[in-house]
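For reference, the structure is listed below as structure tokens.
The values are calculated or read from the model by the stated rules, or taken from the named source; none is laboratory data. Please read these numbers as outputs of a predicted model, since none were measured by experiment. Neighbour counts are summed over all protein chains in view; Cβ atoms, including those assigned to glycine, are modelled from backbone coordinates with ideal geometry.
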């Protein structure tokens, strides 16, 4: 019965679904839920003072239901993203509604996309790492995708210790070139005016 709290993770996709099926201010439902309702509930319930013991953590790792809950996120995220794209293609939305749909999609991809992809990326079986790649791909989180595809496992092996260390140097080196490219485009656009 205590494990039912883990179903709370599916409330964000539910709020996103509500956003995607709505019009008007309700397209912001996932935004309101993530930034108003969840923090409010967090304040009310307070911080827990007890973590799982090592034995409890090992026991939970053996329960198939937690793996199934992770895997279920993949079709949920794909399905909801397909739903919102289909709705945007077939219905007429005002600008503020499109903003609401975009923000709600971002919240869905951040919570049930990137978080779950990160967890699955730490797993050893190829099928789980493949599901991780699919979720990262949906989120356009290509920095991590490149690491996974190239089998650079620094992040997984070292945990989060080297998050801003050696393995991120490629991104740092590419950034000045990217910025100078953007500046050149801006100069070209300004001279055309």
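Which of the following residues is assigned to a helix (DSSP H, G or I), over 27 Å from residue 136 (Cα atoms) and either over 23 Å from the mean Cα position of the chain (by Cα) or touching a residue at least 12 places away in the same chain (Cβ under 8 Å) (or both): 74, 31, 43?
Result: 43 is the single residue among 74, 31, 43 that is assigned to a helix (DSSP H, G or I), over 27 Å from residue 136 (Cα atoms) and either over 23 Å from the mean Cα position of the chain (by Cα) or touching a residue at least 12 places away in the same chain (Cβ under 8 Å) (or both).
When residue 52 is evaluated against the numbered criteria (1) over 30 Å from residue 130 (Cα atoms); (2) assigned to a loop (DSSP other than H, G, I, E, B), which criterion, by number, is the only one it fails?
Condition not satisfied by residue 52: (1).
Residue under question is residue 92, and the condition is that it be under 17 Å from residue 22 (Cβ atoms), in contact with a helix residue (DSSP H, G or I) (Cβ under 9 Å, 6 or more places away or on another chain) and either surrounded by 13 or more Cβ atoms within 10 Å (Cβ to Cβ) or assigned by TED's automatic domain parsing to the domain that holds residue 28 (or both); does it hold?
Considered against the rule, which asks whether it is under 17 Å from residue 22 (Cβ atoms), in contact with a helix residue (DSSP H, G or I) (Cβ under 9 Å, 6 or more places away or on another chain) and either surrounded by 13 or more Cβ atoms within 10 Å (Cβ to Cβ) or assigned by TED's automatic domain parsing to the domain that holds residue 28 (or both), residue 92 comes out as no.
If the requirement is being surrounded by 16 or more Cβ atoms within 10 Å (Cβ to Cβ), at pLDDT 95 or above and either farther than 14 Å from residue 30 by Cα or in the same structural domain as residue 16 (by TED's automatic domain parsing) (or both), which of these qualifies: 104, 132?
Exactly one of 104, 132 is surrounded by 16 or more Cβ atoms within 10 Å (Cβ to Cβ), at pLDDT 95 or above and either farther than 14 Å from residue 30 by Cα or in the same structural domain as residue 16 (by TED's automatic domain parsing) (or both), namely 104.
I'd like to verify a number: residues in the stretch 10-25 that are in contact with a helix residue (DSSP H, G or I) (Cβ under 7 Å, 6 or more places away or on another chain), outside any loop (DSSP other than H, G, I, E, B), touching a residue at least 60 places away in the same chain (Cβ under 8 Å) and surrounded by fewer than 18 Cβ atoms within 10 Å (Cβ to Cβ), how many?
Of the residues in that region, 1 qualify.
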